[in-house]
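Asker: I have a structure here, written as C-alpha cells, and I will follow up with some questions on it.
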Amino acid sequence: HQPIGQKDLKQLLTYLQNLDQTGFRAMIQKLHSYDLARLFFQLSNIYQRRLLTLLQPEEIALLMEELDLQEQKEVLAALGQKKAAQVLDHMPNDDAADLLSELELSQSTLLLKEMKTVEADQVRALLHYPEDTAGGLMTNAYVQIFSHYTVEETLRFLREIAPAAETIYYLYVTDVRHRLIGVLSLRDLLIREPHEKIDRIMNERVISVPVDMDQEEVARILSRYDFLALPVVDQNKKLVGIVTVDDIIDVLIEEAREDLEQLSAVQPTDFVDPF
Ligand code: ATP
Ligand code: MG
C-alpha cells in the first residue's frame, strides 16, 4: 500500500469537481480514514464541504477519530444539525462527549436532542465527569457478561454486540448488581471448550480504577500492567466504563507536551547570570 500523495489529492479533487459519486466511492473505499483525513485538510473549504456531503454519517464518524478536537469542531460546524447528530450517534460515546463539551451549551443541548435516545443518554452520563479523570476518559461501550454464561453463549452474545462495542478484547464479568467480579480476554475465551462456564475461567483479581482518579494516574496504572483497557468503577464498586489504551496515549502525549513547555519556560532563568 502506497502512502497518500499529490496524485491522490488531484484524483479526489477531480471526483469532487465533477461530482463523480462512483469514482469517489471507489476511491474512499480503499482509503484508511487516516489518509482520508490528511486529504481532507488539503482541500479548500468548498471541497471539504462537498466531501462531507458525499460521505455517510458513519464514514464521517470514522474520519473524526483521526482528527483532534479543534478539527472535529470544524467538521461538525460544517454539517447541518441533523447530519451532525447522526455523526455523533456513530462516534464512540466518550469521543462524542468530549466534542460536545467543547461546544456552547445551547448547541450541545440541541444536538443531544437530535441524537438517538440511547446514544444521547450514554453521552449525557459521560458529560458529568471532569475531563481529566478516569470518568472523563472512559466509554460505556464495553462488553459486560455474567459468570453463569458458558463459553459458547458468550461467543454468541459477542457476535451480537461486537459491532457497537469500543473494544471486545476484554470481557468484564459482573454480578446482578453490576459489581465487577471478573475479567477475561478474548484469547482466554477462545482457548476454552464451548461448554465451560465463565466463572471457572475468569480472573477474579480485577485491577480497576475509581471514576474520580486523575488521568495521569490511570495512564501509569495501565502502562504498569500492560493492559489494553482498564475498567472504571464507582464508589459501590459498580462497573461504569472502561478506559482504552488509545485514550491513554492521548493523555501521555498531552503530559509530555506540558512537561516540555514547562522545561522551556524554566530554562532561561536557569541561565541567568547571578552577578
Ligand atoms: P495477548 O497478550 O496474546 O494479546 P492475552 O490474553 O494475554 O492475549 P493480555 O491483554 O495480555 O491478553 O491480558 C493478559 C491477561 O490479563 C488476560 O488473561 C486478561 O484476562 C487479564 N486482564 C485484562 N484486564 C485485566 C484487569 N483489569 N485486571 C486483571 N486482569 C486483567
Ligand atoms: Mg498477553
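The values are calculated or read from the model by the stated rules, or taken from the named source; none is laboratory data. The shown structure was predicted, so the numbers you read here are calculated from the model rather than taken from an experiment. Virtual Cβ from ideal backbone geometry, glycine too; neighbours counted across all protein chains shown. To get the accessible areas, we keep the full protein, side chains included, count just its heavy atoms, and leave off ligands, DNA and RNA. Shrake-Rupley method; radii C 1.70, N 1.55, O 1.52, S 1.80 Å.
Asker: Go through (1) within 16 Å of ligand 2 (Cβ to nearest atom); (2) part of a helix (DSSP H, G or I); (3) modelled with pLDDT of 95 or more for Leu230 and report which single condition fails.
Answerer: Looking at each condition in turn, Leu230 falls short on (2).
Matching residues to (1) aliphatic (A, V, I, L, M); (2) over 18 Å from Pro92 (Cα atoms):
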site	(1), (2)
His128	no, no
Met138	yes, no
Glu153	no, yes
Leu184	yes, yes
Asp188	no, yes
His195	no, yes
Met213	yes, yes
Tyr225	no, yes
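Asker: Any residue in region 184-195 that is without any contact (Cβ under 8 Å) to a residue 40 or more places away in the chain sitting within a Cβ distance under 9 Å of a residue that is in a loop (DSSP other than H, G, I, E, B) and within 13 Å of ligand 2 (Cβ to nearest atom)? List the pairs, counting only those 6 or more apart or interchain.
Answerer: Every condition considered, the pairs that remain are Ser185/Tyr169; Ser185/Leu228; Leu186/Tyr169; Arg187/Tyr169.
Asker: So is Ala162 within 16 Å of the chain's Cα centre (by Cα), farther than 30 Å from Glu104 by Cα, open to solvent by 30 Å² or more (accessible area, probe 1.4 Å) and of a type in the set (A, V, I, L, M, F, W, C) or not?
Answerer: yes
Asker: One residue is enough: does region 167-182 have a residue meeting the conditions at pLDDT 95 or above, of a type in the set (Gly, Ala, Ser), more than 16 Å from ligand 2 (Cβ to nearest atom) and under 18 Å from Thr150 (Cβ atoms)?
Answerer: yes
Asker: If Leu111 satisfies all but one of (1) modelled with pLDDT under 95; (2) more than 14 Å from the chain's Cα centre (by Cα); (3) part of a helix (DSSP H, G or I), what's the number of the condition it fails?
Answerer: (1)
Asker: Any chance region 83-106 includes a residue that's surrounded by fewer than 15 Cβ atoms within 10 Å (Cβ to Cβ) and farther than 21 Å from Glu131 by Cβ?
Answerer: No - not one qualifying residue is present in region 83-106.
Asker: Let me ask something else. So how many residues does region 189-199 have that are within 13 Å of ligand 2 (Cβ to nearest atom) and open to solvent by less than 50 Å² (accessible area, probe 1.4 Å)?
Answerer: Adding up the residues that qualify gives 0.
Asker: Counting just the residues of region 1-16 that are assigned to a helix (DSSP H, G or I) and touching a helix residue (DSSP H, G or I) at 6+ places or on another chain (Cβ under 8 Å), which one comes out farthest from Glu65 (Cα to Cα)?
Answerer: Step by step, filter region 1-16, then rank; the result is Thr14.
Asker: Hey, another quick one. Only one of Ile207, Ile168 is open to solvent by 30 Å² or more (accessible area, probe 1.4 Å), more than 10 Å from ligand 1 (Cβ to nearest atom), among the aliphatic types (A, V, I, L, M) and closer than 25 Å to Leu137 by Cβ; which?
Answerer: The match here is Ile168.
Asker: Tell me which residues, restricted to region 184-210, are in a loop (DSSP other than H, G, I, E, B), closer than 17 Å to Leu239 by Cα and not small (Gly, Ala, Ser).
Answerer: Within region 184-210, Met202, Glu204, Arg205, Val206, Ile207 meet the criteria.
Here's the yes/no breakdown for (1) farther than 19 Å from Arg156 by Cα; (2) at pLDDT below 95:
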{"residue": "Glu193", "(1), (2)": "no, no"}
{"residue": "Ile198", "(1), (2)": "no, no"}
{"residue": "Val209", "(1), (2)": "yes, no"}
{"residue": "Glu216", "(1), (2)": "yes, yes"}
{"residue": "Val243", "(1), (2)": "yes, no"}
{"residue": "Ile249", "(1), (2)": "yes, yes"}
{"residue": "Glu254", "(1), (2)": "yes, yes"}
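Asker: Within region 210-240, work out how many residues are near ligand 1 (Cβ under 9 Å from one of its atoms) and among the polar types (S, T, N, Q).
Answerer: Residues in region 210-240 being near ligand 1 (Cβ under 9 Å from one of its atoms) and among the polar types (S, T, N, Q): 0 in total.
Asker: Checking Ala125 against (1) small (Gly, Ala, Ser); (2) touching a strand residue (DSSP E or B) at 6+ places or on another chain (Cβ under 6 Å); (3) away from ligand 2 (no atom under 16 Å from the Cβ), which single condition isn't satisfied?
Answerer: It is condition (2) that Ala125 fails.
So that you can scan it fast, the table gives a plain yes or no per residue for (1) small (Gly, Ala, Ser); (2) part of a loop (DSSP other than H, G, I, E, B); (3) open to solvent by less than 40 Å² (accessible area, probe 1.4 Å):
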residue	(1), (2), (3)
Arg124	no, no, no
Ala141	yes, yes, yes
Glu152	no, no, no
Phe157	no, no, no
Gly182	yes, no, yes
Asp212	no, yes, no
